[in-house]
Amino acid sequence: MSDVELYYFSGRGLAEIARILLTVADIQYKEVNLKTRDDYVNLLPDLLFQQLPLVRIDGMNLVQSGAIARYISGKAKLLGDSAAEAARIDMLYEGTRDFLKFFLFCGLEPGDKLAEIKEKAFPRYLPAFNKVLSESSSGYLVGSRMSLADLGLFEVLLATVDYFTDEPINEYPKLKAFYETMRTNEKIAKYISSVRKPKNDATLMETVRQVFTHVKI
């Protein structure tokens, strides 16, 4: 049995990057999906800020998705080969998190989220990341090999294809090539086929309501 445990809902949300990283890093883990209010209450002693996801790893109870992502990335050597590379990886990864925020509540909140993504997110982020890739000789965002920034970007591109097909990406040649390279990587292909959670739906929304009975969605 694995000593690493991931606690979250059976949805992508803020835990999907941890799933990607654990798979790419070849770290075996057990996932526990919360379904009831009691599941959440029982975890509260280990939730420093009363928030999910939680990852139990190396004797620690890690919360905050960014801290979780960086810790796993450090173990998997996905943070670059120098302080300068690490800073640039961090900068670009944070950009992917801002991009991802547009997708997090698709299907969970009222309103036309897809129109907002098309009008606000795509014009800001797709050309920016295409530009970074155009300036790279390796096909990756930073340095000569895959990093946390690449996996963060790929997560959002997968969501883009889910909701819009690959049409938005096709307008940007370097971004399209990057997407194809990443999705055919053996470990990432395994993540896509057997680990990745489905899009948000009514079932997930009801589960979140059951767990966070004090929160209105």
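The values are calculated or read from the model by the stated rules, or taken from the named source; none is laboratory data. Source: prediction; values computed, not measured. Note: ideal-geometry Cβ built from the backbone for every residue, glycine included; neighbour counts use all protein chains shown. Only protein heavy atoms, including side chains, enter the accessible area calculation; ligands, DNA and RNA are left aside. Shrake-Rupley method; radii C 1.70, N 1.55, O 1.52, S 1.80 Å.
Across the stretch 51-62, computed HN-Hα scalar couplings (Karplus, 6.51 cos²θ - 1.76 cosθ + 1.60, θ = phi - 60°) run 10, 10, x, 10, 10, 8, 7, 6, x, 10, 9, 8 Hz from first to last residue, x flagging Gly and Pro.
Tell me whether the stretch 113-158 comes out rounded, prolate or oblate; compute the Cα gyration tensor, take square roots of the eigenvalues as a ≥ b ≥ c, and use a/c under 1.5 as the rounded threshold. Spell out each step's value before the answer.
Values: a/c = 4.15, a/b = 1.91, b/c = 2.17.
It comes out oblate by the Cα gyration axes.
Cross-link candidates for K174: which lysines have Cα within less than 24 Å, leaving aside residues fewer than 8 places away along the same chain? List returned: K101, K118, K120, K131, K187, K190. A convex hull fitted around the alpha carbon atoms of the chain yields 126 Å³ per residue. Counting every Cα pair in the stretch 58-157, what percent are over 24 Å apart? Of all Cα-Cα distances in the stretch 58-157, 30 percent exceed 24 Å.
Rolling a 1.4 Å probe over the protein heavy atoms of the chain, with every protein chain left in place, gives an accessible area that is 52 percent carbon and sulfur.
Give, in whole angstrom and from largest to smallest, the semi-axes √(5λ) of the equivalent ellipsoid of the stretch 24-84, with λ running over the eigenvalues of the Cα gyration tensor. Please report the intermediate quantities before stating the final value.
Working: eigenvalues 141, 34, 15 Å².
In descending order, the three semi-axes are 27, 13, 9 Å.
At the residue level, R56 shows approximately 60 square angstrom of accessible surface with a 1.4 angstrom probe and all protein chains present. Loop-located chymotrypsin sites (Phe, Trp or Tyr not before Pro) in the stretch 1-91 (DSSP state not H, G, I, E or B) with no more than 10 neighbouring Cβ atoms inside 10 Å: F49. The alpha-carbon of K35 sits under 20 angstrom from the alpha-carbons of these lysines, leaving out residues fewer than 8 places away in its chain: K197, K199, K216. Distance from the alpha carbon centroid of the stretch 113-166 to that of the stretch 2-52 works out to 25 angstrom. In the full protein context, the chain carries 51 Å² of accessible surface per residue, based on a 1.4 Å probe and ignoring ligands, DNA and RNA. Using only Cα coordinates, the Kirkwood hydrodynamic radius of the stretch 93-217 works out to 15.7 Å.
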